[in-house]
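The structure appears below as structure tokens.
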Amino acid sequence: NRAEVHNMAAGPSPLPTSVLQQAAKGLLNYNGTGMGVCELSHRGKEFKGIVEKAEADLRELLQIPDSHAVLFTQGGGTTQFSSVFLNMLAYHRLKSKDVPAEQYSPPTVDYIVTGAWSSKASAEAKRLAVPPTPNAQALANVHIAATTKPTKFNRVPRKEEYNFTNDAAYVYYCENETINGVQFAGDVDSPAAVPFDLIPNDVPIVADYSSSFISRPIPHIERHALIYAGAQKNLGPAGVVVVIVRKDLLVDTNEAALLGGVPVCPIELEYKILADNGSLYNTPPVFSIYVSQLVLRYLIEEKGGMAGVKETNEKKAKLLYAALEEAERKGLVRLTVSDREARSWMNVTWVIDEADGDEESSREKRFLKGAEAQGFRQIKGHRSVGGIRASIYNAVSLESVQELVNYIKNWAAAEK
Ligand code: PMP
């Protein structure tokens, strides 16, 4: 029974039950049409209405400025690793249209690497930058502007660790690292905030918000050239990806490629094509967009918008980290993110008994077994890092987190 489990999956993750009930109806009979939402033409007025509502609600929730377009696309966050690189390079090339191909020097792209997902994004940029012929230059110089890899991504970089390129084609960061549980602070004055003040003013900023999207307001949203997020954590079923992009970045990538020096961008990855066609250039993931739209409405109508959602998420994170810190003081667990200000509100990660060398110690096994019996689901850490990860996205209630806190306290008392 759904009401008896606390699903703390990292993604795909739980969605609000009332939204799923509504979606189930729409799946059979959308708005009295006698046809299900997945059976309607994506070019018909019903579906267009859904896309328009989703965009309007997202704009309201996140205060997206008019300077930015909102796009719905697919291919997951992973496809954005490639799309970002190809579109941003084209944008950069078109800014120096008059420079002939022989004289065009490939730009640097700056990546801030704070965990598994920004590592993968930078690796994809390197992969795509491969020179077109063996003696040619790479299509871009992929520069790591800062990384916390040497300390196993246990924090975000300190201000003095950043080394940005003055004329980079863009700076890329991942706001919340889903696997490592490390997140930039939401408070822009925190030392763990995104270092907006250190990034040269005219360098575009790109952010992966996949696992923290609509969990709290986006600081300096207007300063971003592009923000993207896969749906499958806070927004809806896997399938749709939201891209919020500054309108002047919507460029004809083919025109750029013809100038020479930048690669061709596959048509489905070009943001301009998506924007020119109202996100309906090809068949979109209709069900995923539909449920996402219901989730957005629900957050506005029933959860107090971003302010309300933020307040609840902050409470949840504080409660859980406080319980874990208490267990940490007793030597029972170790929080994997040492810097408190960089601890994720969405993915809370810790290890149990790393000292005894087992892949999964007996104490960890007891923890997981007991948790399972109490209804907690999908809380084992990612296979690449081990340990425990409780993902407490928007649809995980404060009550569920309180239950987890009680469980941790009882477990700690029993272990000591
Ligand atoms: N970025 C982040 C922060 C993620 O958490 C994920 C997936 N969990 C991705 C990118 C990749 O997304 P996808 O699996 O949709 O390609």
Where a Cα-Cα gap under 23 Å defines reach, which lysines qualify for residue 416, not counting those fewer than 8 residues away within the same chain?
-> 330, 365, 369, 380
Using alpha carbon centers only, the range 102-176 is separated from the range 290-325 by a whole-angstrom value of 32
Trypsin sites (Lys or Arg not before Pro) within the range 141-192, DSSP loop, no more than 16 other Cβ atoms inside 10 Å | 152, 158
What percent do you get for the relative contact order of the chain when only Cα pairs under 8 Å and 6+ apart count?
-> 23
Would you mind computing the Rg to Rh ratio of the chain from its alpha-carbon coordinates, Kirkwood style for Rh?
-> 0.99
Give me D for the range 224-353 in µm² s⁻¹, whole number, from Stokes-Einstein with Rh from the Kirkwood sum over alpha-carbon pairs, 20 °C and 1.002 mPa s.
-> 116
For every other residue with a beta carbon closer than 14 angstrom to the beta carbon of residue 10, add +1 if it is Lys or Arg and -1 if Asp or Glu, then tell me the sum.
-> +4
How are the C-alpha pair distances of the range 305-415 spread across 10 Å bins, as whole percents from the shortest bin up?
-> 13, 50, 31, 5, 0
Relative compactness, the range 84-225, computed as alpha-carbon Rg over 2.2 N^0.38 Å = 1.08
Assertion target for 111, 104, ordered by fewest C-beta neighbours within 10 angstrom first, is 104, 111
Going by how many other beta carbons lie within 10 Å of each one, how would you line up 96, 211, 18, 13, fewest first?
-> 18, 96, 13, 211
Run the numbers on the range 242-381 and let me know its relative contact order in percent, using alpha-carbon pairs under 8 Å that are six or more apart.
-> 11
Which trypsin sites (Lys or Arg not before Pro) from the range 46-120 combine a DSSP loop assignment with at most 11 other Cβ atoms within 10 Å?
-> 97
Folded to 0 to 90 degrees: helix 398-415 orientation relative to the chain principal axis, Cα = 50
Please give the helix 286-302 orientation as an angle from the longest Cα principal axis of the chain, in degrees from 0 to 90, rounded to the nearest 10.
-> 60
Go through the range 178-190 residue by residue and turn each phi into a ³J(HN,Hα) via Karplus (6.51, -1.76, 1.60, θ = phi - 60°); whole Hz please, and just put x for glycine and proline.
-> 4, 7, 8, x, 10, 9, 5, 5, x, 7, 5, 8, 6
What ranking of 199, 267 emerges when the number of other C-beta atoms within 10 Å of each C-beta is taken as an exposure proxy, fewest first?
-> 267, 199
Summing -39500 (n - 2.57) over the DSSP H runs of n ≥ 4 in the chain and dividing by its residue number, what mean residue ellipticity at 222 nm do you reach, to the nearest 500 deg cm²/dmol?
-> -11500 deg cm²/dmol
Please determine, in degrees from 0 to 90 and to the nearest 10, the orientation of helix 305-329 with respect to the longest principal axis defined by the Cα atoms of the chain, where the helix direction is its Cα long axis.
-> 50
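Read the figures in this text as sums done on the coordinates, not as results from a lab. Since the model is a prediction, treat every value here as computed from it, not as a measurement. So basically every Cβ, Gly included, is an ideal-geometry build from the backbone, and we count neighbours across all protein chains shown.
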